[in-house]
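The values are calculated or read from the model by the stated rules, or taken from the named source; none is laboratory data. Quick caveat, the model's predicted, so the values are computed rather than measured. Cβ coordinates were reconstructed from backbone atoms using ideal geometry, including for glycine residues, and neighbour counts include every protein chain displayed. To get the accessible areas, we keep the full protein, side chains included, count just its heavy atoms, and leave off ligands, DNA and RNA. Shrake-Rupley method; radii C 1.70, N 1.55, O 1.52, S 1.80 Å.
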Amino acid sequence: MHSTRDIHSYPRTAHRGAPTSAVSFPLILLSASFAVMLPSPAIAQSAATAQQATAVSPDAIKQREQELEATREQQRKTAELQQKLKADIAAIGQDRSKLNQQLIDIATQVRNVETRIGETEGRLRPLDSREQQIRASLDSRRSEIVEVLAALQRAGRRTPPALLVRPEDALQSLRTAMLLGSVVPELRGRAEKLATDLGELVNLRKTIATERDVLARDRDRLKDDSVRLAALVEERQRKQSAIEKDMEAEGARAINLSRQVDSLQGLIAKMEQDLKSAAKAAATASLQGAPAAPGGKPNLGALKDPARLSPAIAFASAKGLFAFPVNGRKIRDFGGSDGAGGVEKGISLATRAGAQVTTPCDGWVVYAGPFRSYGQLLILNAGGGYHVLIAGMERISVNIGQFVLTGEPVATMGTTSQVASILATTASQPVLYVEFRKDGTPIDSGPWWAANEGEKVRG
């Protein structure tokens, strides 16, 4: 049997002992965090009212001034970049090899930044999803959280009754002590679970903020590199136009000729037979397009010469060395179903909007322009009877008859798919189509693609 002192002190132990103190941290975290994460309608309404009240406040004016200053700073940086680009291009002068090397180097930087952006966005997706899950879980347990907070507050504030006034008071106190003995551990468990969820949410927010900072820096870098690349491409084409005086007329004639054929094979034949610049490129390819491979192995060192005017290595001996023309995910492979009862003659890559397209190999441009359902189409004669067809871009930045190097920027993707096929119309991203042909027949490009980054050829 308990003494009077025992009866009097038992409830006080239940209120102030280990079980109650064990929930003090969750109680603080819950009361501080939940109000922020899950505002009631009244709080939301108050926030809206406060926002309206500060619409013309000094803080709002200061914020607008800061935004204006940031815009001015961005304009200053852009102007400085443009001046630097002009100076760099002037320094290049008529040195074709320097211009080519700059183009390849900047295009490689753009591709690398695009890769990092894609990786960061990939890490953010599950983090954002987990944050939404936790928020939804906490929101669904709003009433439980309120109940836990109220019970803990009552348990912490309740004072023990005067036990010696009446026996009924002593009995009630004993029953209360017994009830708290079973309830407080449960409250502690529920509070700790809620605190764990809130703690994870706080950590997730920090991680997401860090990843978004990285993403913002990479996007700024991509913007600067893209401006530089565009200036270099423009200079390359300006010099090319100076060499080929009738380039514009040739381009218009190529489009007219393309309307006279209805197949890719017919287009290649028509260009290389009837179009002066394409015929010249094809003739050059026949003579110079298959350099010898000492010992049966390609001379990769020849790729380091940015002044070359013919392929550094023979197309047939370059298996396992090519990089995809664009950063992307393969969504259709050679020989698979095309969704229309036929089979795929090439591969399709889902890409980022505005992604940079580079050449996987050296070659001569024998067609550059729109064709049938392919959107913008680029055809390269790689020598040795091989052709590389790339379609689905929004804009092509090279001309017919031009010799392009491995890794050189030649086109830009749009924001939607440009290839009017069942595959493209069901894709949510821009789609690049790539096809290899040997003596006019589509072949599997698989053996030519590098298995990993370290094996890809570089210009």
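Scanning region 371-381 for residues that are of a type in the set (A, V, I, L, M, F, W, C) and in a strand (DSSP E or B) gives 377, 378, 379, 380. Of everything in region 231-254 that is in a helix (DSSP H, G or I) and acidic (Asp, Glu), the residue that is modelled with the lowest pLDDT is 248. Looking only at region 382-404, residues that are open to solvent by less than 10 Å² (accessible area, probe 1.4 Å) and either assigned to a strand (DSSP E or B) or closer than 19 Å to residue 351 by Cβ (or both) come to 10 in all. Restricted to region 192-219, and to residues there that are modelled with pLDDT of 85 or more and acidic (Asp, Glu), the residue that is most open to solvent (accessible area, probe 1.4 Å) is 213. Taken over region 98-117, the criterion of being open to solvent by less than 30 Å² (accessible area, probe 1.4 Å) and not β-branched (Val, Ile, Thr) is satisfied by 99, 100, 103, 107, 114. In the condition set (1) surrounded by 15 or more Cβ atoms within 10 Å (Cβ to Cβ); (2) at pLDDT 75 or above, residue 66 is compliant with all but (1).
Being modelled with pLDDT of 85 or more, within 22 Å of residue 221 (Cα to Cα) and either open to solvent by 60 Å² or more (accessible area, probe 1.4 Å) or not in a helix (DSSP H, G or I) (or both): is that true of residue 76 here? No, not satisfied.
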